[in-house]
Amino acid sequence: MSDFLKAIACLLRRDLTIALRRSTDVLTPLVFFIIVVSLFPLGLGPEPAVLRTIAPGVIWVAALLATMLSLNRLFANDHADGTLEQMVLSPHPLAALVLVKVAAHWMLTGLPLVLISPLLAIQMNLPESAMSTLILSLLLGTPVLSLLGAVGAALTLGLRGGGVLVSLLVLPLYTPVLIFGAGAVAGVIAGIEVEAHFSLLAAFLALALTLTPWAAAAALRVSLD
Amino acid sequence: MGGYGFYVWSSYGLALLVLLLNLYLPLRRRKTVRRLLHEFLRLKRSLQPGSE
Amino acid sequence: MQYLHKYASPKFFYVFAGKLTPWLAALTVLLLAAGLYLGLFIAPADYQQGESYRIMFIHVPAAWMSMFIYACMAGAGAIALVWNVKLFEMFAANCAPVGASFTFLALATGSLWGKPMWGAWWAWDARLTSELILFFLYIGYMSLEASIDDPRRAARAAAIVALVGVVNIPVIHFSVEWWNTLHQPASVSKMGTPSIHPSMLAPLLLMAVGFTVYFFTVALMRMRNEILERERHTTWVAQLLENES
């Protein structure tokens, strides 16, 4: 195994281990996601037809917010203890290391959101036929959220008021994912062909995978200067 | 303006306001910057040894 | 490259911009006066929208400017990042407030146009929605820039934001457009520039060019202030102020 692959495997294992030892970090966004979605029936009334219409949008917006909530964890701890500087100085390309960190972040926030979403879908009266679409759209969309979020997290590293700032930077960029992610689920309920939605979500993922690690790496270099 | 006077004129008025504001801000800034710089240079000169 | 650095030296640029701004300002006044005259007095009323369409002469150029300025900001940011040219850093940072105010103008006039056309101050029309998201992007850019104290670091961080934004703007625009055609109720008519007559196109273009020249005038004025501030320790600034007083 080459040095580079070893470094990647090591970093991934490290990030996962640390996060699992501090399990509140993993649980907080997830609980937030569940609470936000559960608030909507309380605010709007339990009318099943109403809930069904708003379910795709509500679940997707809540997923957006939950992802955003978890972003500061991505680099902040490593920045505080100096690990991040070691990463920047390491001989391996920083963009690749960032990609590994984002992958770990997604496994700990995006994936749990995807796994819990069927439960919320039942709560929101989403028809069973739309369930697989919801899961698949979240599966394609949440990695994009983590990738774009990494750029915002890297840029706001160590700034006062970083938490609010990251939402200002990142939320407008999330709109395409929201439109096509929620659109796919709503489309299935309305009986529209949604293949185009998935193609576009996959295209966003491909675009984000190729571009955002470079942007995030550049942003980290600026922040650590 | 065919009954649309309010909408049309408030649009043009707003545009004028935005254009004037964007002109006024750098002009005011220019004044402040010059005043501060003159003060800064005066202080610097007075602190230099042998300037008396 | 050495030409770029010569003409991009702050001292040279300060003097050059100082000479250029009065001319640009005069050109702005001329272009806007001609555009307003043609738009308000010569162009005939629209047979469908009556006189209200005249808002277009502000709304459409302002919307164009909001995107043009963002593109300028990203381009200048990229040059500043790659070649480390201070002047382009300052240009990018000084674009943002002007761009944001044009975006605000496009939103406000869109709302003022929407009220007589749709009967409501706001509709989730494709152009207004993308303009709103663009406004959010400007706000994000400016707040990041403002929250970093070191100007060099702020400029580089902001340049990355602008570049990420400029890649995203077409995607956002396309998504919103697509979302809009799907959800558009039949009663909401699209406002915009349908099959435009030359007597309406001329003022539209004049206003657009006038806004562009105005933008460069204001940007140069802002940059001159910033140059003086940043270069306050140099001898040429001291000499310049000495000669004036």
- Query: Toward the positive end of the charge dipole of the protein assembly as shown, about the Cα centre and with charges on Cβ (Lys, Arg +1; Asp, Glu -1), which of A:Trp214, C:Ala157, A:Leu12 goes farthest?
  - Reply: C:Ala157
- Task: Sort the following peptides by mean Cβ neighbour count (other Cβ atoms within 10 Å, averaged over residues), highest first: A:36-44, C:203-211.
- Result: C:203-211, A:36-44
- Inter-chain shielding metric for C:62-75, i.e. average beta-carbon neighbours from other chains within 10 angstrom, reads 0
- Item | Accessible area, probe 1.4 Å, largest first, for residues A:Ser90, A:Ser132 | A:Ser132, A:Ser90
- Note on the structure: Helix-only [θ] at 222 nm, the protein assembly as shown, -39500 (n - 2.57) per DSSP H run of 4+, per residue, nearest 500, equals -28500 deg cm²/dmol
- Message: What's the ranking of A:151-158, C:161-168, C:237-244 by average number of surrounding C-beta atoms within 10 Å, highest first?
- Response: A:151-158, C:161-168, C:237-244
- Message: Could you give each residue of region A:91-103 its phi-based ³J(HN,Hα) in whole Hz, using Karplus coefficients 6.51, -1.76, 1.60 with θ = phi - 60°, and x for Gly or Pro?
- Response: x, 7, x, 4, 4, 5, 5, 4, 4, 5, 5, 5, 4
- Task: Can you tell me the dipole magnitude for region A:3-224 around its Cα centre, using point charges on the Cβ only (Lys, Arg +1; Asp, Glu -1), in Debye to the nearest 20?
- Result: 460 debye
- Message: Just to confirm my numbers, what's the Cα centroid distance between region A:16-56 and region B:1-50 in Å?
- Response: 48 Å
- Query: What ranking, highest mean first, results for peptides A:203-210, C:219-226, C:141-148 when packing means the other Cβ atoms within 10 Å averaged over each residue?
  - Reply: C:219-226, C:141-148, A:203-210
- Note on the structure: Rounded to the nearest 100 Å², the accessible area hidden between A and C, summed over both chains at a 1.4 Å probe radius, is 2300 Å²
- Query: Residues of region A:166-194 losing 30 Å² or more of accessible area relative to the isolated chain, 1.4 Å probe, heavy atoms only?
  - Reply: A:Leu168, A:Leu169, A:Pro172, A:Leu173, A:Thr175, A:Pro176, A:Ile179, A:Phe180
- Item | Candidate residues A:Asp225, A:Asp15, A:Asp81: accessible-area rank, largest first, probe 1.4 Å | A:Asp225, A:Asp81, A:Asp15
- Message: What is the percent carbon and sulfur in the accessible area of region A:3-224, measuring with a 1.4 Å probe over the protein chains and ignoring ligands?
- Response: 70 percent
- Query: Which of the chymotrypsin sites (Phe, Trp or Tyr not before Pro) found in region C:1-104 are in a DSSP loop and have at most 15 neighbouring Cβ atoms, other than their own, within 10 Å?
  - Reply: C:Tyr47
- Note on the structure: So for R0 = 60 Å, FRET eff. of B:Arg30-A:Asp25 from the Cβ-Cβ r, to 0.05, ends up at 0.75
- Message: Treating only the Cβ of Lys, Arg, Asp and Glu as charged (+1, +1, -1, -1), what charge dipole size does the protein assembly as shown show about its Cα centre? Round to the nearest 20 debye.
- Response: 1440 debye
- Measuring from its Cα centre, chain C shows a charge dipole (+1 at each Lys and Arg Cβ, -1 at each Asp and Glu Cβ) which, in debye to the nearest 20, is 320 debye
- Note on the structure: With x for Gly and Pro, the residue-by-residue ³J(HN,Hα) of region A:197-202, computed from phi through the Karplus equation 6.51 cos²θ - 1.76 cosθ + 1.60 at θ = phi - 60° and given in whole Hz, is 4, 5, 4, 5, 4, 5
- Query: Could you sort B:Arg28, A:Arg13, B:Arg34 by accessible area so the largest value comes first, with the probe set to 1.4 Å?
  - Reply: A:Arg13, B:Arg28, B:Arg34
- Is there a simple number for the mean count of other chain Cβ atoms within 10 Å of the Cβ of residues in C:230-240, and what is it? 2
- Item | Heavy-atom accessible surface that B and C bury in contact, both chains counted, 1.4 Å, Å² to 100 | 3100 Å²
- Charge context of B:Thr32, other residues only, Cβ under 12 angstrom, K/R +1, D/E -1: +4
- Item | Within a Gaussian network of chain A (alpha carbon springs, distance under 10 Å), most fluctuating of A:Ala190, A:Ala215, A:Ala76 | A:Ala190
- Item | Dipole of region A:3-224 [Lys/Arg +1, Asp/Glu -1 at C-beta], most positive-end residue of A:Gly163, A:Phe204, A:Ser132 | A:Gly163
- Sum up the charges of everything whose Cβ sits under 10 Å from the Cβ of C:Ala45, counting Lys and Arg as +1 and Asp and Glu as -1, but leave C:Ala45 out. -1
- Query: Once you average over the residues of C:153-164, how many Cβ atoms of partner chains fall within 10 Å of each Cβ?
  - Reply: 5
- Counting only protein heavy atoms and leaving out ligands, DNA and RNA, the solvent-accessible surface of C:Met117 at a 1.4 Å probe, in Å² to the nearest 10, equals 50 Å²
- Task: Compute the accessible area per residue over chain A, keeping the other protein chains in place, probe 1.4 Å, unit Å².
- Result: 43 Å²
- Kindly count the pairs of lysines across the protein assembly as shown whose alpha carbons are less than 27 Å apart, treating pairs on different chains or eight or more residues apart as eligible. 13
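The values are calculated or read from the model by the stated rules, or taken from the named source; none is laboratory data. Everything numeric here is computed off the predicted structure, so don't read it as measured data. Heads up, the Cβs are rebuilt from the backbone with ideal geometry, glycines too, and the neighbour counts pull from every protein chain shown. The protein model used for the area step is the full one, side chains on, heavy atoms only, and it has no ligands, DNA or RNA in it. Shrake-Rupley method; radii C 1.70, N 1.55, O 1.52, S 1.80 Å.
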